[in-house]
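The values are calculated or read from the model by the stated rules, or taken from the named source; none is laboratory data. Because the structure is a prediction, the values reported are computed rather than measured. Here the Cβ positions follow ideal geometry from the backbone for every residue, glycine too, while neighbour counts run over all protein chains shown. For accessibility, only protein heavy atoms count, side chains too; no ligands or nucleic acids. Shrake-Rupley method; radii C 1.70, N 1.55, O 1.52, S 1.80 Å.
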Amino acid sequence: MGVTRMDALRELASVDLIELCNEARIEHCRATRDLSSCGRPVQHLLSTCGHASLCPECSQRCDTCPICRVPIKGESNRARLRLYYKCIEAGLISKQHDDRFQAKEGIGNRANLDIERLYLLFDVALQNNLSSLICHYVTDVCLDENAVSSDPVLAFLLDEVVVKDWCKRSFTHLLKELQTIYKGSVENMQKDLPQMQKYVTQLNGVYIVIEAMISSFDDSVHAQVHDLHQLLEDLTKAKQHLEVMIWCTRHKFLEHVQPQYPDIASWELHVSERKASLVRRSWPQINLSATTETNPSTSLFIEEALQNLDLEDDHEEDILLSLEHERPERAFYPRVNWSNQYPFKSVRAAADVLFLHGASDTMVAKQAIFLYYLIDRHGMRPDSDWRFLLDDFCAAFSVTSQALTECMVFSLLDDHSDQALEEAILLLPKMANPETHPKIAQVLLERQRPDAALTLLRCTGSDDLPASAETATGTTSLKEAVNAVRVRIEYGLLTEAFIYQRSYCSKVKDSDVKLQQVELLVSEMCALCVERGLADRMIELPWNHQEEKYLHKCLLDKAGEKTESISGSLLVVFYLQRYRYAEAYKVHTSLESTEQEAIEKLGTNASSKIRKRSQWRHDLVARSLELLPESERHKVMVECSSAGEQNDVPVVSHVINVPNQSVVGGVLYA
């Protein structure tokens, strides 16, 4: 009766791992015949001692084992078949690996054949979900200090290098098998689906073995660990790619699902229109740090996602690239700007670009981009034609409904149509959570929906201030703070915007960082209020001394940029409201000089408006000074005179030099 697969696997699973090396070695009969050794291949173990020392013929005529001299008992069951040959008899190992066949053909040397036989036993374990056996071989045999041998071949079989080489060999073999499948037609790939699923299991088995090896090493063997980490990374990406390819094969690479675009050129044109619309409506980017590169604000969600993946490969000769379907241009242009590769040419191209490049730990982001691609490919088609694809993908890869909703919102917000915007706003309550992308509120603001942006900020908890200074000083948090201030001002909540920036900056303990953030937020508030006609309300807010400096600078700069604006006059009012007449008078005289230069250059109508505003401000300052006692009024004049000389602030000399108060008042009203 022959050996069954179950018998062979049962023995493999229960074998003493230290004996696995001996099971893999080629042994020759050690019986003596006419003063010479028999030398035939030994396929059996002696039942009494377990040594592979005698061929079947010699085991019948010898009374003791040539190795240990233990008597051989029994007549019929003196020997049992060795594990390696049981696997051959059961069909687990091809008969072409039988050492008798190899001896006739003169294949290889003994050392290489012994290693190959151990690899084949590992292959049997891998193919039959016994990867844990190889893991235990690493921990219980390779790392056992007592498992040593003077035999160089056996010593190598006991070393962890043999397992590492087997992992590389198995991975390379699996890649070649996958490459062959991927080159076939869709129909052939569908026939190979069961085999592809088996390869997923085998890749996972090799992954488990490599993880066991990495966890067994310490930091002293950095080179070996680095090599294993790279192998683990490549293996993980191959497995992730294979799983997506299985899903695509099941759906015939969407050949029978009609996209919303007639061809790829139309899709590319539509994406170009989205980018152009984004550039037109985008707000100015805030330079948060002179030493930090910030992502450009004029990027679609899909472009930013692809940039964040960092899909460029560090090592040029990546063995995974052999799995790509189309890559002719990469031979001539090795550095590819992946953010410009969207839309992908096909479903297969999307799978290759996303899951064969970049880091394996960004799998969630890659799945989100793939979902975005599917949504964008079919979005305007009836749900009954394509929505089942999203549901099936989410079920296959355990993607949550909230993550799917986020992908839909990203796709809709990238679309520049009003209909897409309204659909995205309707989906926002379903996806709002503390992890919601902060750029969503920014896009809503840019598309003139501050109401939706503010609602989103409050629903996600982004409306709350950071609890610690550490989070408040981060670049991302500062971007969110700027956006939060903008949203409130656009919605007309000026006081709330002021309170937010004050509270935000108060959380920062580092004085230098705090000054930078105060300057940025106050300047942003001031500039936006001037543009939106809210400057008169802004100057009534209770600004502190530090904030006033940047408010003063911003309003004065705005007055210098556009003389016709009321920014400078409002700055004068700002100081007069706080009874700071010297500062108001100083700003007034500075503005007079600037306005005089503008009057000489501008036309009659513009000049007339500037003269009227200057006269109104002149009268206002004069009346304010009249409210002061004579001594205080004289003190203001002296202070302004000194400030004008020291800071080159133009002050009307005949006003400053007149000691009589009544004359001063007369000049101011002139």
key: Members of segment 145-182 that are of a type in the set (D, E, K, R) and either in contact with a helix residue (DSSP H, G or I) (Cβ under 7 Å, 6 or more places away or on another chain) or open to solvent by less than 60 Å² (accessible area, probe 1.4 Å) (or both)   = Asp151, Asp159, Glu160, Lys164, Asp165, Lys168, Arg169, Glu177
note = In segment 1-58, anything assigned to a loop (DSSP other than H, G, I, E, B), of a type in the set (Gly, Ala, Ser) and open to solvent by 20 Å² or more (accessible area, probe 1.4 Å) is listed as Gly2, Gly39, Ser47, Gly50
key: Leading residue by the ranking (nearest to the chain's Cα centre (by Cα)) among those in segment 228-265 that are surrounded by fewer than 17 Cβ atoms within 10 Å (Cβ to Cβ) and more than 27 Å from Gln197 (Cα to Cα)   = Ile264
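Please enumerate the residues belonging to segment 360-406 that are of a type in the set (D, E, K, R) and within 17 Å of Glu303 (Cα to Cα). Let's see the steps before the verdict.
Pass one, segment 360-406, residues of a type in the set (D, E, K, R): 361, 366, 376-377, 381, 383, 385, 387, 391-392, 406.
Residues satisfying the conditions are Lys366, Asp376, Arg377, Glu406.
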Qualifying residues in segment 394-447 (those that are within 25 Å of Ile489 (Cα to Cα) and among the basic types (Lys, Arg)) - the one farthest from the chain's Cα centre (by Cα) = Arg447
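Yes/no per residue for (1) modelled with pLDDT of 95 or more; (2) aromatic (Phe, Trp, Tyr); (3) not in a helix (DSSP H, G or I):
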| site | (1), (2), (3) |
| --- | --- |
| Leu228 | no, no, no |
| Lys239 | yes, no, no |
| Gln258 | no, no, yes |
| Trp267 | yes, yes, no |
| Leu288 | no, no, yes |
| Thr298 | no, no, yes |
| Glu303 | no, no, no |
| Asp313 | no, no, yes |
| Arg335 | no, no, yes |
key: segment 505-548 - residue that is among the small types (Gly, Ala, Ser) and either in a loop (DSSP other than H, G, I, E, B) or out of contact with any helix residue (DSSP H, G or I) (no Cβ under 8 Å at 6 or more places or on another chain) (or both) and, of those, nearest to Gln448 (Cα to Cα)   = Gly533
message = Condition first: open to solvent by 20 Å² or more (accessible area, probe 1.4 Å), farther than 25 Å from Leu113 by Cα and among the β-branched types (Val, Ile, Thr). Now tell me which residues in segment 59-96 satisfy that.
response = Thr64, Val70
query = Got a number for residues in segment 561-590 being over 14 Å from Ile539 (Cβ atoms), polar (S, T, N, Q), assigned to a helix (DSSP H, G or I) and open to solvent by 20 Å² or more (accessible area, probe 1.4 Å)?
reply = 1
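Every residue in segment 591-613 that is open to solvent by 20 Å² or more (accessible area, probe 1.4 Å) and under 18 Å from Ala535 (Cβ atoms), please. It would help to see each step written out before you state the result.
Initial filter on segment 591-613 (open to solvent by 20 Å² or more (accessible area, probe 1.4 Å)): 592-594, 596-597, 599-606, 608-609, 611-613.
Within segment 591-613, Thr594, Lys609, Arg613 qualify.
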request  = Within segment 542-560, count every residue that is closer than 13 Å to Leu591 by Cβ and open to solvent by 30 Å² or more (accessible area, probe 1.4 Å).
outcome  = 5
request  = Could you please give the count of residues in segment 238-290 that are among the hydrophobic types (A, V, I, L, M, F, W, C) and at positive phi?
outcome  = 2
query = Which one is surrounded by the most Cβ atoms within 10 Å (Cβ to Cβ), of the residues in segment 421-431 that are touching a Ser or Thr at 6+ places or on another chain (Cβ under 8 Å) and hydrophobic (A, V, I, L, M, F, W, C)?
reply = Met431
task = List every residue pair whose Cβ atoms lie under 9 Å apart, where the two residues are 6 or more positions apart in sequence or sit on different chains, the first residue falls within segment 504-523 and is surrounded by fewer than 18 Cβ atoms within 10 Å (Cβ to Cβ), and the second residue, located anywhere, is among the β-branched types (Val, Ile, Thr) and modelled with pLDDT of 90 or more.
result = none
task = Go through (1) under 18 Å from Thr563 (Cβ atoms); (2) at pLDDT 85 or above one by one and return the number of the condition Ser607 breaks.
result = (2)
Residue that is under 20 Å from Leu235 (Cα atoms), touching a helix residue (DSSP H, G or I) at 6+ places or on another chain (Cβ under 7 Å) and open to solvent by 60 Å² or more (accessible area, probe 1.4 Å), where the choices are Tyr119, Tyr207, Tyr199 = Tyr207
Close pairs (7 angstrom Cβ cut-off, 6 or more residues apart or separate chains): among the hydroxyl-bearing types (Ser, Thr, Tyr) in segment 247-261, in a loop (DSSP other than H, G, I, E, B) anywhere = none
query = Which one is farthest from Ala368 (Cα to Cα), of the residues in segment 398-420 that are open to solvent by 10 Å² or more (accessible area, probe 1.4 Å), aliphatic (A, V, I, L, M) and part of a helix (DSSP H, G or I)?
reply = Leu412
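Mind listing just one residue for me: the one in segment 363-389 that is surrounded by 16 or more Cβ atoms within 10 Å (Cβ to Cβ) and over 22 Å from the mean Cα position of the chain (by Cα) and, of those, nearest to Asp263 (Cα to Cα)?
Step one: filter segment 363-389 for residues surrounded by 16 or more Cβ atoms within 10 Å (Cβ to Cβ), giving 363, 365-379, 386, 389.
Remaining after also requiring over 22 Å from the mean Cα position of the chain (by Cα): 377-379, 386, 389.
Details: Arg377: 11, His378: 12, Gly379: 15, Trp386: 17, Leu389: 20 Å.
Result: Arg377.
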